[in-house]
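The values are calculated or read from the model by the stated rules, or taken from the named source; none is laboratory data. It should be emphasised that the depicted structure is a prediction, and the values quoted were computed from it without experimental measurement. Glycine gets a Cβ as well: all are built from the backbone with ideal geometry, and neighbour counts include every protein chain shown. Side chains are part of the model used for accessible areas, which takes the heavy atoms of the whole protein and leaves out ligands, DNA and RNA. Shrake-Rupley method; radii C 1.70, N 1.55, O 1.52, S 1.80 Å.
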Amino acid sequence: MKNAKRKIIFILSLLILTVASIITTYNLYHEYEENERRLSEAQTNVLRTYNETLKDSISFYHSRAEANLRSPGVMDAFRKKDHDKLYELIRPRWGVMQRENPWLIVMQFHNADGTSLLRLHRPGVYGDRIADQRPMVAYAHKSEQSVSGFEEGRQGLAFRILIPAFDRGVYIGSVEFGISAPYFTDKIRRFAGYESFFFVNKDALGKFGRVGKAIEVGVYRGVEIETNYRSLIEKYAMTHHTLENGFLSHMNLTYEINVLKVNNYIAKPIGAIMFLRATDDFKTHVRHMIIATGIIALVLIAIIGLIVDRVYTYVTFKMSFQERYSQMILDSVPSPVIVTDGEHLVAANNSFLGYLHYDNVEAFKK
């Protein structure tokens with residue numbers, strides 16, 4: 001009876017563990033797919049916000065450039081390369097545009113010969129051959145088309161938009177607007193819900209290369225990373241040799257980190273935007289799920305073992321009672337009586353055992 005009880009408990013325990021393993025595996029697979037979906041969705045949301053911000057910025061500053069060039073006297077001063085007159089005409093508009101967008105750090109008029117005619121952000125510096133130092137400017141002059149993309153200059157890294165200026169069909173130069181990189185990360189934070197930071201490839205920094213208090217991850221250098229997140233990004237830099245998606249635990253929180261590569265004006269990679277937010281760590285979630293499932297399985301095994309033990313105790317008691325009752329009936333018969341299954345002796349009364357001088361059936365069988 002005891003062996004049968006152990007066998008039943010073992011089989012039921014094995015069944016419980018098998019079912020628990022199947023359920024856990026299914027849930028983990030589902031959680032993994034959900035985690036991947038969430039990461040993909042985050043990438044899509046940030047990419048959409050980023051692309052829409054680029055598109056809106058390009059469209060907006062095209063209209064601003066056209067409005068400035070149509071302003072009375074501006075095209076004439078531009079054609080004549082009259083720095084002082086152009087500055088006088090554009091300065092009020094420059095103030096308005098800065099109030100519109102505090103992240104606007106550059107407005108510059110470029111002559112077609114590659115020299116700088118007017119920097120609204122630094123009006124005292126002009127006449128230098130800026131096209132020799134900045135490939136994007138040289139490309140704009142060569143193509144005589146609108147050009148946009150991230151490039152570094154004297155004011156640091158910025159998303160720059162160069163709009164060509166034509167006077168009676170003749171190309172006379174271009175108007176440039178430069179928007180600081182944090183403008184785009186701020187948009188991502190407000191519209192996609194992620195904190196984000198711009199990283200630029202060190203090889204793309206060109207002749208200027210001014211990025212203060214930089215945190216480097218492989219060939220990438222962080223730009224204007226907020227103080228609140230510097231320790232987190234520094235920890236990421238110590239554990240990663242390049243920018244990649246993943247999770248990072250820091251200060252009792254787990255952060256979901258994603259990376260979006262960005263291109264320059266000729267669609268070549270120039271850097272990346274890292275965006276992150278606190279989330280549940282998938283590995284920690286998996287560990288908790290396995291532990292919880294294991295505890296539940298052990299509790300069920302204990303309950304099943306207890307139930308089987310109680311059932312066996314009850315059945316054994318019933319069987320013992322039935323055997324004693326049957327034996328009492330046999331012993332009440334004065335004549336010798338035996339019970340067989342056709343081949344073996346099953347039971348005998350006291351008259352039978354006493355007649356043959358045996359104490360019990362087991363002794364008789366021996």
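Compactness ratio of the chain: Cα Rg over 2.2 N^0.38 Å, N = residue count?
2.03
Can you list, bin by bin at 5 Å, the percent of alpha carbon pairs in region 11-112, starting at 0?
With 5 Å bins starting at 0, P(r) equals 2, 9, 12, 13, 9, 7, 6, 5, 5, 4, 5, 4, 4, 4, 3, 3, 2, 2, 1, 0.
Computing the accessible area with a 1.4 Å probe over protein heavy atoms, can you report the carbon and sulfur percentage for region 75-224?
Carbon-and-sulfur percentage of accessible area, whole number: 46.
I'd like to check one number: the per residue accessible area of region 93-141, probe 1.4 Å, reported in Å² as a whole number.
41 Å²
Going down the table (Lys55/Lys261; Lys80/Lys202; Lys81/Lys268; Lys55/Lys142; Lys55/Lys235), which pairs top 27 Å between alpha carbons?
As for pairs spanning more than 27 Å Cα to Cα, those are Lys80/Lys202; Lys81/Lys268; Lys55/Lys235.
Quote the charge dipole size of region 26-76 about the Cα centre in Debye, to the nearest 20; the model charges only the Cβ of Lys and Arg (+1) and of Asp and Glu (-1).
300 debye
Sort largest first and round to whole Å: the equivalent ellipsoid semi-axes of region 23-69, each the square root of five times a Cα gyration tensor eigenvalue. Present the calculation step by step, with values, prior to reporting the outcome.
Values: eigenvalues 402, 3, 3 Å².
Ellipsoid half-lengths, sorted descending, are 45, 4, 4 Å.
I'd like the FRET efficiency for Arg6 and Arg190, computed as 1/(1 + (r/R0)^6) with the beta carbon distance as r and R0 of 56 Å, rounded to 0.05.
For R0 = 56 Å, the calculated efficiency reads 0.30.
May I ask you to give the percent of accessible area on region 283-364 that is carbon plus sulfur, with a probe radius of 1.4 Å? Before the final figure, lay out the partial values.
Details: 4150 of 6170 Å².
That fraction is 67 percent.
Would you please state the base-10 log of I(q)/I(0) at q = 0.09, 0.13, 0.22 1/Å for region 141-276, with intensities from the Debye formula using one equal scatterer on every alpha carbon?
-0.31, -0.59, -1.38
Taking the Cα atoms of region 233-366 alone, what are Rg (to one decimal) and Dmax (as a whole number) in Å?
Rg and Dmax of region 233-366, Cα atoms, are 38.6, 116 Å.
Go through Ser143, Asn111, Leu89 and say which Cα lies farthest out towards the positive end of the charge dipole of region 80-150; charges sit on Cβ, +1 for Lys and Arg, -1 for Asp and Glu.
Leu89
Quick one: which of 101-112, 339-350, 75-86 comes out on top by average Cβ neighbours within 10 Å, and what's the full order, highest first?
Result, highest mean Cβ count within 10 Å first: 101-112, 75-86, 339-350.
If you build a Gaussian network model of the chain, linking Cα atoms that sit under 10 Å apart, which residue out of Tyr26, Tyr61, Tyr220 swings the most?
Maximum fluctuation in the GNM of the chain, among the listed residues, is at Tyr26.
Rounded to whole Å and ordered largest first, report the semi-axes of the equivalent ellipsoid of region 78-166 derived from its Cα gyration tensor (root of 5λ).
On the way: eigenvalues 71, 56, 29 Å².
So the equivalent ellipsoid measures 19, 17, 12 Å along its semi-axes.
Given H placed on each backbone N at 1.01 Å, which residues far from Ile215 in sequence or on other chains put an amide H within less than 5 Å of it?
Gly222
With n ≥ 4 as the cut-off for DSSP H runs, can you work out [θ] at 222 nm for the chain, using -39500 (n - 2.57) per run divided by the number of residues, rounded to the nearest 500?
Counting only the DSSP helices, I get -17500 deg cm²/dmol.
In Å², and per residue, what accessible area does region 1-90 have when probed at 1.4 Å with the other protein chains present?
65 Å²
Taking the solvent-accessible surface of protein heavy atoms with a 1.4 Å probe, what is the per residue accessible area of region 298-341 in Å²? Spell out each step's value before the answer.
Details: 3470 Å² over 44 residues.
Dividing the accessible area of region 298-341 by its residue count gives 79 Å².
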